[in-house]
Amino acid sequence: GMPPIGSVFDYFADLREDETDPDAGGLWREWVTIVPKFDYDPGLPFSQILVPTVDTRRFSFVMAACITVMKPVFLTGVTGTGKTVVVQNLCSSLAPMPYEDPNGMGLLPVFVNFS
């Protein structure tokens, strides 16, 4: 069942099956367990740097799930919260073909920005 601590937004249902433990699929896990380590790249422009957090991981996870089933995604928020960088980062990560990267979808991102 749902963990007794925190809110429903602190967890996700991990549906992956573990080869060592076939009963592991369908467990509630905290988002913090899948936040990747941040590696600073001094060659990137400041506007393209994305420091992974629980929120950026959660938004990327939900957006990727929607894209997988061909559903539209709409992000809204005040200026400077990182919406564009999160979307660009996700789309770039989905660009490789599945045979090149198991997480890729062969997505061809085309970015149009309105200010």
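The values are calculated or read from the model by the stated rules, or taken from the named source; none is laboratory data. Not measured: the values here are computed from a predicted model. Neighbour counts are summed over all protein chains in view; Cβ atoms, including those assigned to glycine, are modelled from backbone coordinates with ideal geometry. What goes into the accessible areas is simple: the full protein's heavy atoms, side chains included, and nothing from ligands, DNA or RNA. Shrake-Rupley method; radii C 1.70, N 1.55, O 1.52, S 1.80 Å.
Tabulated data for the structure shown
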item	result
Filtered residues of segment 63-77 (kept if of a type outside the set (Gly, Ala, Ser) and loosely packed, with under 14 Cβ neighbours inside 10 Å)	Cys66, Thr68, Val69, Met70, Lys71, Pro72, Val73, Phe74, Leu75, Thr76
Test: Phe9 is loosely packed, with under 12 Cβ neighbours inside 10 Å, under 17 Å from the mean Cα position of the chain (by Cα) and either acidic (Asp, Glu) or at pLDDT below 90 (or both)	yes
Yes/no for Met63 being part of a loop (DSSP other than H, G, I, E, B) and closer than 17 Å to Pro109 by Cβ	no
Residue that is open to solvent by less than 100 Å² (accessible area, probe 1.4 Å), within 20 Å of Arg16 (Cα to Cα) and among the hydroxyl-bearing types (Ser, Thr, Tyr), where the choices are Ser60, Ser47	Ser60
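Quick grid of which residues meet (1) open to solvent by less than 70 Å² (accessible area, probe 1.4 Å); (2) within 26 Å of Pro45 (Cα to Cα); (3) not in a loop (DSSP other than H, G, I, E, B):
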| position | (1), (2), (3) |
| --- | --- |
| Thr84 | yes, yes, yes |
| Leu90 | yes, yes, yes |
| Glu100 | no, no, no |
| Phe111 | no, yes, no |
| Phe114 | no, yes, no |
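Conditions tested, residue by residue: (1) under 22 Å from Phe111 (Cβ atoms); (2) assigned to a loop (DSSP other than H, G, I, E, B).
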| position | (1), (2) |
| --- | --- |
| Pro42 | no, yes |
| Arg57 | yes, no |
| Thr76 | yes, yes |
| Gly80 | yes, yes |
